[in-house]
Amino acid sequence: MSASPEDLAITVDAAGLQRRIDELALISEAPAPVVTRVLFSEADQRGREYVRKAARDAGLAVREDAVGNIFARWEGGEPGLAAVASGSHTDAIPNAGRYDGVVGVLGAFEALAALKRAGFRPRRSLEVVMFTAEEPTRFGLGCVGSRLMAGTLSVEKAAALRDRDGRTLDELRAAAGCAGPLESVRLPSGHYHSFIELHIEQGPVLEARGIPIGIVERIAGPSSYRVTLQGEGGHAGAVLMPARHDALAAGAQVALAVERAACTSASPDTVGTVGVFRIEPGAVNSVPFRAYLEIDLRDTRLDTRKRAYARIRRAAAAACRRRGVRMDFEEINADPPAEGDPKTIEAVERACARLGLASLRMVSRAYHDSLFMARVCPTTMVFIPCLNGWSHRPEEYASPGHVASGAEVLAHTMASLAA
Ligand code: GLV
Ligand code: MN
Ligand code: MN
């Protein structure tokens, strides 16, 4: 009979964990300190190999599903019971840093390795997931792996995903060596007992307040849209202003409508961004005949996000009508916010108390695979501070001490839930 989790001396190898984070950061499409690992790129493939090896080094059994989600498992004493799970992603947007997602994968391996070293014997199995394509870079849609696991992305829609070069998910996953039908990715109901994702905060709150651990009570609901504007091109000298149907000028009005809708929302949590804006033909002496925009609109409240969306649609339609520009407005995703599970949150709080670490309940403004795991099992997230709240840039930084504290909190929480 193993000791109760409260009595275990759990020691995280902070230096070893930091070394692995630094090693994985060197696997990148761009030179250090930039980390870029776009889904199924050569760097992502090498990153996945690194993850498999790190899982095996932590004494875990590795399996993969048809979309490339990687599962690393420690079988519990009662294998019939639902497992306690953790995990995150290792894909990285262009020009990213080394901590986003990675801390939640390598940190979870270290948490389980520390539990093994402490002689813990789990009753429930413990599992770490490395989710495929948390970042939307390749397909314009984030959390492809966790959406499929939760059943919120249909297999038909997944099969229709295409990247900018027209390559499909099926084509790319086959080339990456992922076998089997996408249907098999969906988790059977009750598969996991609970899910806890360790992540850098990607915001300034914990650092500013000097608190080492955040516990996520709610994840803002993201939505995104693609807008194609078809105007009329022509010679920049010859087409007089009253005759113009300038797609870029219409797109600029759409972008400003996004900003205005978010700024005038009744919720302070409404945020709107146009992160993609391309024009054709893109020549200085030619009137743009086509513009392509991608809009990201998020909120912790669904009612205010919906009102902001309606305002954007109305303003965009009016601007395009006035300019004689045709608009196609297509929804990519519109996901509700997710609630953290109270009992799982309390388990994290108890772990923090045991470790003498102050904690703060908070909101996640970024989305995470937890947004979809929360649909299939009790879920929360453990946040650690990051420098200046920076993320999605090479300067992203979390101290080795904070990373280790996060892994320690995760180890204690998973042990108490699996005992
Ligand atoms: C995840 O990376 C997000 O955009 O929130
Ligand atoms: Mn990210
Ligand atoms: Mn992330």
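The values are calculated or read from the model by the stated rules, or taken from the named source; none is laboratory data. Everything quoted here is computed from the prediction, not taken from an experiment. Quick reminder, even Gly has a Cβ in these numbers, built from the backbone with ideal geometry, and neighbours come from all protein chains shown. Please note that ligands, DNA and RNA were not included when accessible areas were found on the heavy atoms of the full protein model with its side chains. Shrake-Rupley method; radii C 1.70, N 1.55, O 1.52, S 1.80 Å.
Summary table below
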| quantity | calculated |
| --- | --- |
| Restricting region 257-292 to residues that are touching a Ser or Thr at 6+ places or on another chain (Cβ under 8 Å) and among the hydrophobic types (A, V, I, L, M, F, W, C), the residue that is farthest from T137 (Cα to Cα) | A266 |
| Breaking point among (1) more than 16 Å from ligand 1 (Cβ to nearest atom); (2) within 21 Å of A96 (Cβ to Cβ); (3) surrounded by 16 or more Cβ atoms within 10 Å (Cβ to Cβ), for R164 | (3) |
| All positions within region 65-95 that are β-branched (V, I, T) and within 16 Å of ligand 2 (Cβ to nearest atom) | T90, I93 |
| Residue list for region 240-255, restricted to those being in contact (Cβ under 8 Å) with a residue 12 or more places away in the chain and open to solvent by 40 Å² or more (accessible area, probe 1.4 Å) | R244, H245, L248, Q253 |
| First in region 346-375 and over 23 Å from S189 (Cα atoms), second anywhere and of a type in the set (D, E), Cβ under 7 Å, 6 or more apart | R354/E6; L355/E408; S359/E349; R361/E217; M362/E217; V363/E217 |
| Residues located in region 363-389, provided they are open to solvent by 20 Å² or more (accessible area, probe 1.4 Å) and farther than 25 Å from L141 by Cβ | P378, L387, N388 |
| Enumeration of residues in region 252-303 that are part of a loop (DSSP other than H, G, I, E, B), among the polar types (S, T, N, Q) and within 22 Å of R218 (Cβ to Cβ) | S265, S267, T270, T300 |
| Near pairs, Cβ below 7 angstrom, 6+ apart or cross-chain, from region 390-419 (within 16 Å of ligand 2 (Cβ to nearest atom) and in a loop (DSSP other than H, G, I, E, B)) to any residue that is polar (S, T, N, Q) and open to solvent by less than 50 Å² (accessible area, probe 1.4 Å) | S391/Q202 |
| In region 87-114, the residues that are surrounded by fewer than 24 Cβ atoms within 10 Å (Cβ to Cβ) and away from ligand 1 (no atom under 16 Å from the Cβ) | A113 |
| Considering residues of region 308-345 that are free of Cβ contacts under 8 Å to residues at least 60 places away in the same chain and touching a helix residue (DSSP H, G or I) at 6+ places or on another chain (Cβ under 8 Å) only, the residue farthest from R147 (Cα to Cα) | R311 |
| Region 369-387: number of residues that are in a loop (DSSP other than H, G, I, E, B) and closer than 27 Å to G401 by Cα | 3 |
| From E217, E207, residue being open to solvent by 10 Å² or more (accessible area, probe 1.4 Å), part of a helix (DSSP H, G or I) and within 30 Å of T270 (Cα to Cα) | E207 |
| Any hit, region 332-342, residues being open to solvent by 30 Å² or more (accessible area, probe 1.4 Å) and farther than 24 Å from A262 by Cα | yes |
| Condition met for L141 (within 16 Å of ligand 3 (Cβ to nearest atom), surrounded by fewer than 20 Cβ atoms within 10 Å (Cβ to Cβ) and touching a residue at least 40 places away in the same chain (Cβ under 8 Å)) | yes |
| Out of R56, R98, sole residue that is more than 26 Å from V348 (Cβ to Cβ), of a type in the set (K, R) and either within 16 Å of ligand 2 (Cβ to nearest atom) or touching a strand residue (DSSP E or B) at 6+ places or on another chain (Cβ under 9 Å) (or both) | R56 |
| Test: S125 is touching a residue at least 60 places away in the same chain (Cβ under 8 Å) and either more than 16 Å from ligand 3 (Cβ to nearest atom) or of a type in the set (F, W, Y) (or both) | yes |
| Count of residues meeting criterion [touching a strand residue (DSSP E or B) at 6+ places or on another chain (Cβ under 6 Å), open to solvent by 40 Å² or more (accessible area, probe 1.4 Å) and either modelled with pLDDT under 95 or not small (G, A, S) (or both)] in region 59-86 | 4 |
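Results for (1) on the phi > 0 side of the Ramachandran plot; (2) away from ligand 3 (no atom under 16 Å from the Cβ), shown as yes or no for each residue.
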position: R354; (1), (2): no, yes
position: L357; (1), (2): no, yes
position: F383; (1), (2): no, no
position: H392; (1), (2): yes, no
position: P400; (1), (2): no, yes
position: G406; (1), (2): no, no
position: M414; (1), (2): no, yes
position: A419; (1), (2): no, yes
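Yes/no per residue for (1) at pLDDT 95 or above; (2) among the charged types (D, E, K, R); (3) not assigned by TED's automatic domain parsing to the domain that holds R73:
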| position | (1), (2), (3) |
| --- | --- |
| T168 | yes, no, no |
| A174 | yes, no, no |
| V185 | yes, no, no |
| S189 | no, no, no |
| F195 | yes, no, no |
| E201 | yes, yes, no |
| G214 | yes, no, no |
| G237 | yes, no, yes |
